[in-house]
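Contents: one structure, followed by commentary.
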Amino acid sequence: MVTTKPRPDRKRQSNPVQKFLGKIPWTWVITFTYLAFLVILPIAAMIAKAAEEPFGKFWATATSPVALSSYEITFVTAFFAAAINGIFGTLIAWVIVRYDFWGKRFVDAVVDLPFALPTSVAGLTLATIYSDKGLLGSLVAPFGIKIAFSRIGVFVAMTFISLPFIVRTVQPVLTDLEKEIEEAAWSLGASGLQTFIKVILPPLTPSILTGVALGFSRAVGEYGSTVIIASNTPFKDLITPILIFQRLEQYDYVGATVIGVVMLGISFISLLAINLLQAWSRRYG
Amino acid sequence: MAKLDNSDSDYSQDSPAPIQSKAKKSFTPTILIAIAIFYLGLVILIPAANVFVEAFSRGFSPLINAFKREDLIDAIKLTASLAAIALPLNTIFGLSAAWAITRNNFRGKALLLSIIDLPFSISPVVAGLMIVLLYGRLGWFGSFLEANNIKVVFAFPAMLLATVFVSMPFIAREVIPILDEMGTEQEEAASTLGANDWQIFWKVVVPNIRWGLLYGLVLTNARAMGEFGAVSVVSGNIASKTQSLPLFVEEAYKNYDTEVAYSAAVLLALLAVVTLVLKEILERKTHNPNERE
C-alpha cells in the first residue's frame with residue numbers, strides 16, 4: 001500500500017510511472033495487496049518450497065504407498081459422498097421447490113446447517129452417534145459394521161458437509177424451470193418418470209454436476225469432522241489432509257509440502273472444472 | 001367472453017398443484033417428501049440435535065462446571081478476538097473487491113473472481129501449511145520475523161491469518177451481485193449533484209447493499225468462529241494460549257472429557273442456530289424483492 005503512493009517530495013515531478021500509480025483507485029490497492037499477501041504469496045511460497053526438491057524425490061514422496069493409499073481413500077470416499085448427495089440433494093431441492101408441506105421452511109433452513117456448524121462440532125456429534133454404543137452406530141454394530149473410526153465414518157462426515165452444496169446449487173435452477181414444458185409433456189401423455197428423465201433432468205444436469213463437484217471439492221479438503229470420526233490409521237481410513245497434518249507434526253516439512261502441492265493442484269483442477277460446469281449451466285439459463 | 005374468463009380461472013386453480021390433479025400420482029409427493037425428510041434427518045438433523053441432547057442430558061450442572069474452567073473461558077475469548085479482528089478486515093477487503101470488480105471493466109475479471117474464491121477450494125490444512133511455510137522459521141519471512149522477535153506461527157498472528165484466509169470470500173460474493181444489479185445511475189446522479197466519494201458510499205451505496213453486507217458478515221463470522229483445520233495447523237494448540245473454541249472441543253473429546261467437549265460444542269451449535277436464523281431473515285430481505293421485480 002505504501003509503495004504505491006508517490007512520496008510527497010517527488011509529487012511535483014510528473015514521472016509517468018508515478019502518475020500511473022497515483023491514479024490507481026485505493027479500492028484496487030486494497031484488493032490486490034490483500035490478495036497478494038493472503039493468497040498469492042502463500043501459494044507461491046509453497047510451490048517454491050516444493051520446487052526446491054529434485055523431481056525424482058518429489059515424485060517419490062508424492063507417490064509413496066501411504067500417500068497413494070490416502071489419495072484413494074480421500075477421493076473415492078468423497079466421490080461416493082458427493083454422488084449420493086447428488087441424488088438425495090436433488091430430491092430435497094425438488095421437494096422444497098415444488099411441494100408445499102408443513103415445516104417446509106424449517107427443512108429449507110436445516111439444509112444450511114453444515115455450512116454454519118463448526119466442523120469440530122460436526123465431528124464430535126457424528127463420532128458419538130455413530131460409535132458402537134451410539135444412537136445410530138448401535139443399530140448396525142450387531143451386523144459387524146463399524147461406522148465411527150472406520151472408512152464409513154469418513155464417508156458419513158463427508159456426506160454431512162457436502163449435502164448443502166448440491167441442494168443450494170440445484171434449487172435456484174429448479175425454481176427458474178418453466179412448469180409449462182412439464183405440463184405439456186404430461187398432457188401429451190408422458191408418464192411422471194418419462195417427464196422427469198426427458199424434460200426435467202436435462203436442464204438440471206449441469207447444476208447437479210456443479211453441485212456434486214462443489215461438494216466433492218469440499219469433502220476432499222475436509223479436516224475437522226473427519227479427523228475426529230476416523231481412527232486416522234494409514235491404509236485404513238487416513239485421508240490426505242490428515243496425512244499432511246501428521247507430516248507437519250513430525251516436522252517433516254518437505255513431506256507435508258509435497259503432498260500439499262498435490263492437493264493444491266487438485267483444488268485448481270476442481271475449480272477449473274466447476275467454472276466450466278457453471279458456464280455450461282448458464283447456457284441453459 | 002364469460003366462457004374465456006371461466007376457463008382462465010379454472011386453469012389458475014389447477015396450476016398451483018398440477019401434480020395432484022392426476023389421481024394416479026397423488027402419492028408421489030408424499031413419498032418424495034418423506035424420503036427427503038428422512039435423509040435430512042439422518043444426515044443433518046439427528047447429529048445436530050444430538051449436540052443439544054448430550055449437552056443438556058445431565059442437567060445444567062456439568063455445563064455450569066465446564067464454564068468455570070479457565071481454559072474454556074480463554075478459548076471463548078480467543079475465538080471472539082479472532083472474529084473481532086477478521087470481520088472488519090474482511091469487510092474492508094470484500095467491499096473494495098466488490099467495488100473494483102463491478103465498477104470497472106477489465107480483462108481477467110473472471111480470473112480475479114476465481115482468485116477471490118480460492119480459499120473455498122483450498123483445503124484448510126493446505127491453507128494452514130502455506131502460512132507455516134511463509135511465516136515459519138524456515139519460511140520466506142521467517143528470518144526477518146525471528147530477527148525482529150516477532151512470533152507469528154504457533155501464535156495469535158498466524159491464527160488470525162488462517163481465520164482471515166478461510167473467511168475471506170463471503171462478503172465480496174454477497175455484495176458483488178447487489179452492486180451489479182444496482183447499476184451506476186444513482187451514483188452518477190449523486191456525483192452530478194456534487195456528492196464526494198464518501199458521501200456517495202455512505203448515502204447511496206450502503207443503503208442499497210446493507211442487507212447483503214450484513215448477510216456476508218453473518219457468514220464470515222460463522223466461518224471465522226468455527227474454523228478448525230487451518231487454525232489447528234498454525235496454532236500449536238496450547239491450552240489457554242493458542243486454543244480457540246473449536247480446538248478446545250476436539251482436545252476435550254480426545255481426552256475423553258466428553259461432557260466438557262459437549263458443553264463447549266453447544267456454544268458453537270448455538271452460534272450455528274443464530275447464524276441460520278439471521279440468514280433466513282436476511283435472505284428474505286435481500287433476495288426476494290429482487291426476484292419478484
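Could you identify the single residue in B:Glu174, B:Glu188, B:Glu181 that is at pLDDT below 95, surrounded by 23 or more Cβ atoms within 10 Å (Cβ to Cβ) and more than 7 Å from every other protein chain (Cβ to nearest Cβ)? Of B:Glu174, B:Glu188, B:Glu181, the one residue that is at pLDDT below 95, surrounded by 23 or more Cβ atoms within 10 Å (Cβ to Cβ) and more than 7 Å from every other protein chain (Cβ to nearest Cβ) is B:Glu174.
Conditions: (1) more than 16 Å from B:Ala162 (Cβ to Cβ); (2) touching a residue at least 60 places away in the same chain (Cβ under 8 Å); (3) surrounded by fewer than 24 Cβ atoms within 10 Å (Cβ to Cβ); (4) within 12 Å of another protein chain (Cβ to nearest Cβ). B:Thr286 meets all but one. Number of the miss? For B:Thr286, the failing item is (4).
Looking at A:Leu243, A:Leu209, A:Leu272, A:Leu248, just one residue is out of contact with any strand residue (DSSP E or B) (no Cβ under 7 Å at 6 or more places or on another chain), surrounded by fewer than 18 Cβ atoms within 10 Å (Cβ to Cβ) and aliphatic (A, V, I, L, M), and that residue is A:Leu272. Considering A:Val154, A:Val173, the condition of being of a type in the set (A, V, I, L, M, F, W, C), surrounded by 23 or more Cβ atoms within 10 Å (Cβ to Cβ) and more than 11 Å from every other protein chain (Cβ to nearest Cβ) is satisfied by A:Val154 alone.
Restricted to the range A:212-285, the set of helices (runs of 4 or more DSSP H) holding at least 2 residues that are touching a residue at least 12 places away in the same chain (Cβ under 8 Å) and within 20 Å of A:Ala45 (Cβ to Cβ) comprises A:240-249, A:253-284.
The helices (runs of 4 or more DSSP H) falling completely within the range B:178-246 that include 2 or more residues that are among the small types (Gly, Ala, Ser) and either within 21 Å of the chain's Cα centre (by Cα) or in the same structural domain as B:Glu280 (by TED's automatic domain parsing) (or both) map to B:185-192, B:206-226, B:229-235. Elements of the type helices (runs of 4 or more DSSP H) sitting completely within the range A:25-66 and holding at least 1 residues that are free of Cβ contacts under 8 Å to residues at least 60 places away in the same chain and at the interface with chain B (Cβ under 7 Å from one of its Cβ atoms): these cover A:26-35, A:41-51.
Does B:Ile85 count as in the same structural domain as B:Glu251 (by TED's automatic domain parsing), free of Cβ contacts under 8 Å to residues at least 60 places away in the same chain and closer than 30 Å to B:Met159 by Cβ? Considered against the rule, which asks whether it is in the same structural domain as B:Glu251 (by TED's automatic domain parsing), free of Cβ contacts under 8 Å to residues at least 60 places away in the same chain and closer than 30 Å to B:Met159 by Cβ, B:Ile85 comes out as no. When the range B:148-167 is limited to residues that are in a loop (DSSP other than H, G, I, E, B) and surrounded by fewer than 22 Cβ atoms within 10 Å (Cβ to Cβ), the one that is farthest from the other protein chains (Cβ to nearest Cβ) turns out to be B:Asn149. Any residue that is more than 19 Å from A:Tyr99 (Cβ to Cβ) and not polar (S, T, N, Q) - is there at least one of those in the range A:165-173? The answer is yes; a qualifying residue exists. Just one of the listed residues (B:Leu95, B:Leu129) is within 29 Å of B:Trp211 (Cβ to Cβ) and facing chain A (nearest Cβ under 9 Å), namely B:Leu95.
Conditions tested, residue by residue: (1) in a helix (DSSP H, G or I); (2) within 12 Å of chain A (Cβ to nearest Cβ); (3) at pLDDT 95 or above; (4) surrounded by 17 or more Cβ atoms within 10 Å (Cβ to Cβ).
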residue: B:Asp8; (1), (2), (3), (4): yes, no, no, no
residue: B:Gln20; (1), (2), (3), (4): no, yes, no, no
residue: B:Thr30; (1), (2), (3), (4): yes, yes, no, no
residue: B:Glu54; (1), (2), (3), (4): yes, yes, no, yes
residue: B:Pro62; (1), (2), (3), (4): yes, no, no, yes
residue: B:Asn65; (1), (2), (3), (4): yes, no, no, no
residue: B:Lys77; (1), (2), (3), (4): yes, no, yes, no
residue: B:Leu87; (1), (2), (3), (4): yes, no, yes, yes
residue: B:Asn90; (1), (2), (3), (4): yes, yes, yes, yes
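The values are calculated or read from the model by the stated rules, or taken from the named source; none is laboratory data. Values in this document were obtained by computation on a predicted structure and should not be read as measured data. In this analysis, Cβ positions are derived from the backbone assuming ideal geometry, glycine residues included, and neighbour counts consider all displayed protein chains.
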